[in-house]
Structures are given as structure tokens and as C-alpha cells.
């Protein structure tokens with residue numbers, strides 16, 4: 001496990017749901033009403049989209065499982081077209097890297113989609129490479145419920161925010177995960193790297209995405225710094241983590257119109273993490289990985305793809 005002064009700075013986040021900044025009652029009530037109205041609008045749009053999908057399916061235009069619009073929005077996809085296209089853009093680099101490393105996607109290998117969401121990449125994996133045995137997991141039960149309905153041949157379950165997963169040691173030949181580590185603080189990221197190494201067969205591969213140098217222009221404003229300052233901090237520290245300002249509010253309200261809620265299943269500090277590729281090369285071997293390559297910015301023109309091979313015990 002990573003043990004640096006920077007990581008130690010995140011130790012106060014160990015406590016589950018430790019909310020430090022309560023909102024005054026009057027302000028909290030106003031925010032709650034506003035949040036509830038937004039969720040109602042999302043639910044209404046879910047019904048509207050479902051009608052469009054029914055028509056499109058009957059006309060032969062749509063031939064794939066379409067999640068509720070509120071669930072697609074959690075991946076930044078506000079339309080069916082964007083959901084489908086972003087799935088292709090995020091799945092293709094993973095499958096090309098896997099095939100290049102000799103992963104036999106034409107056989108019955110075991111593949112895990114960690115943090116599957118509503119199957120943005122799974123859709124394309126199962127259509128183009130149906131031979132493997134696919135498993136999926138996510139902390140958001142509204143997402144796993146959709147996957148269970150839409151992908152009958154895929155084993156899925158709702159995992160906890162903390163390890164362990166239910167799988168046996170070395171159960172999977174390949175694990176892929178898109179935009180999960182990029183939201184975890186470094187302590188939680190280290191815990192999950194250990195766990196993903198545990199469930200990956202020695203010699204198998206983890207294809208994991210991270211926010212790296214290519215993401216700096218997109219994240220500079222969110223981090224409250226200009227690009228040059230952010231790059232300098234990243235070089236000096238190796239990583240930067242900023243919790244979402246409102247993550248506690250979303251966690252408190254996750255059971256309110258759950259299908260339209262953000263951060264369902266989250267239990268502590270959650271936000272954006274940028275990691276320098278050199279930090280990954282230095283630190284991830286401590287978790288049982290050999291870093292084969294880091295492909296910068298290939299995931300949706302933004303995130304890095306880390307090709308990590310599980311080292312044999």
C-alpha cells in the first residue's frame with residue numbers, strides 16, 4: 001500500500017460519512033427543494049426517453065440496451081447517441097491494447113468490468129467479443145439493476161465502497177475499469193489497486209484509466225489553478241486530489257429519488273484525482289503490477305490507459 005506524507009494527509013477521510021460542514025437549516029431546506037425539483041425533472045425525462053427508445057426499437061433504429069437518461073448522465077452522456085459513441089471511444093483503446101498484449105478475447109476467458117455503471121463499455125465488448133465470460137460490479141445499485149436486466153448472460157452485483165470484492169483470488173484473466181480510480185483519493189485508490197491485483201490471475205492484465213497530464217486543461221478550473229501551476233504541483237507531488245465541494249450533500253440525499261441521485265453508494269470523500277504517469281510507474285509495482293505501458297489521453301481524448309500486468313506470486 002502507498003505510504004507517503006501526501007497519502008497520510010488523507011487519513012482523516014477514514015471515517016465513513018463524516019460530514020464536517022452542516023448547512024444551516026433554512027439554507028439546507030432551500031437546497032433540498034431545488035435538488036428534489038432537479039431529480040423530478042430527470043425522472044420525467046427518463047419517461048420521455050423511454051418513449052423514444054420504444055419507437056426507435058420498433059422502427060429498427062435502436063438495437064441495443066438503452067439505460068435511463070439519468071443514469072447515462074452520470075457518465076457525461078446526455079443523449080443516446082453520445083452514450084453509444086463515448087462507449088466506442090472508451091472501449092476501443094482497451095480492446096486494442098488487450099489484443100496487442102495477447103489477451104484472447106475470442107475464447108472463454110474471464111473478464112471483469114470494475115465500476116461498470118450502466119455498461120457503456122460492456123455494450124461493445126459483449127457485441128464484438130461475445131466469447132468471454134463477463135462479470136460486472138458497481139457501488140450504484142441502480143446501475144447494476146439495469147445491467148442485470150439488459151445483459152442476461154453477464155454476472156453482476158453491487159459491491160461495497162470498500163474492498164473486498166466477492167470474487168476468488170486470481171479469478172479473472174482481464175479486468176478493465178474506466179473513470180473509477182480518477183475519482184478516488186489516494187488511500188482508497190491504493191486499497192482498490194491491491195484488491196484488483198488479488199482478483200487478477202498472475203500474468204493477467206488490468207486495463208485501468210486515470211486522469212493524467214492530458215486532463216489538466218479540462219480540470220484546471222475545477223481545481224482552482226491555472227494549467228502551469230497544476231502541472232507544477234503534479235510534477236512535485238506525483239498526484240493531486242480535490243474532493244467535490246458538494247459530495248457530502250449528494251451522499252446524504254442518495255436515497256431520495258435514487259434513480260436520479262448522484263454518488264449512489266459513495267461513503268466518503270469523492271472527487272477528481274490527477275496522477276502523474278511517473279508516479280504510477282514508481283508506486284503501482286508495490287501492489288503487484290508490472291506497468292507495461294501508459295497510453296496518454298487515449299480514453300475519450302482525455303484519460304490515460306494504464307496497461308498493468310499482474311505479477312506472479
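The values are calculated or read from the model by the stated rules, or taken from the named source; none is laboratory data. Just so it is clear, the model here is predicted, and its values are computed rather than measured. Backbone-built Cβ (ideal geometry, glycine too); neighbour counts: all protein chains shown.
Within region 55-65, the residues that satisfy the criterion of being part of a helix (DSSP H, G or I) and either touching a strand residue (DSSP E or B) at 6+ places or on another chain (Cβ under 6 Å) or surrounded by fewer than 12 Cβ atoms within 10 Å (Cβ to Cβ) (or both) are 55, 58.
Among the residues of region 236-246, those identified as modelled with pLDDT of 95 or more and surrounded by fewer than 19 Cβ atoms within 10 Å (Cβ to Cβ) are 236, 237, 242, 243, 244. On inspection, residue 278 fails the criterion of being closer than 28 Å to residue 217 by Cβ, free of Cβ contacts under 8 Å to residues at least 40 places away in the same chain, over 20 Å from the mean Cα position of the chain (by Cα) and not in a strand (DSSP E or B). For region 28-47, the set of residues classified as within 27 Å of the chain's Cα centre (by Cα), over 19 Å from residue 264 (Cα atoms) and loosely packed, with under 15 Cβ neighbours inside 10 Å consists of 44, 47, listed by residue number. Could you check, for region 97-116, whether at least one of its residues is touching a residue at least 60 places away in the same chain (Cβ under 8 Å), at positive phi, part of a loop (DSSP other than H, G, I, E, B) and under 17 Å from the mean Cα position of the chain (by Cα)? For region 97-116, residues touching a residue at least 60 places away in the same chain (Cβ under 8 Å), at positive phi, part of a loop (DSSP other than H, G, I, E, B) and under 17 Å from the mean Cα position of the chain (by Cα): present. Scanning region 236-253 for residues that are in contact with a strand residue (DSSP E or B) (Cβ under 9 Å, 6 or more places away or on another chain) and at negative phi turns up 239, 240, 241, 242, 243, 244, 245, 247, 250, 251. Whether any residue in region 237-257 is more than 25 Å from residue 114 (Cα to Cα), touching a helix residue (DSSP H, G or I) at 6+ places or on another chain (Cβ under 8 Å) and without any contact (Cβ under 8 Å) to a residue 24 or more places away in the chain is what I want to check. No - not one qualifying residue is present in region 237-257.
For region 205-235, a tally of residues being surrounded by 16 or more Cβ atoms within 10 Å (Cβ to Cβ), out of contact with any strand residue (DSSP E or B) (no Cβ under 8 Å at 6 or more places or on another chain) and touching a residue at least 12 places away in the same chain (Cβ under 8 Å) returns 1. With respect to the conditions (1) farther than 23 Å from residue 163 by Cβ; (2) in contact with a helix residue (DSSP H, G or I) (Cβ under 8 Å, 6 or more places away or on another chain), residue 112 lacks only one, and its number is (1).
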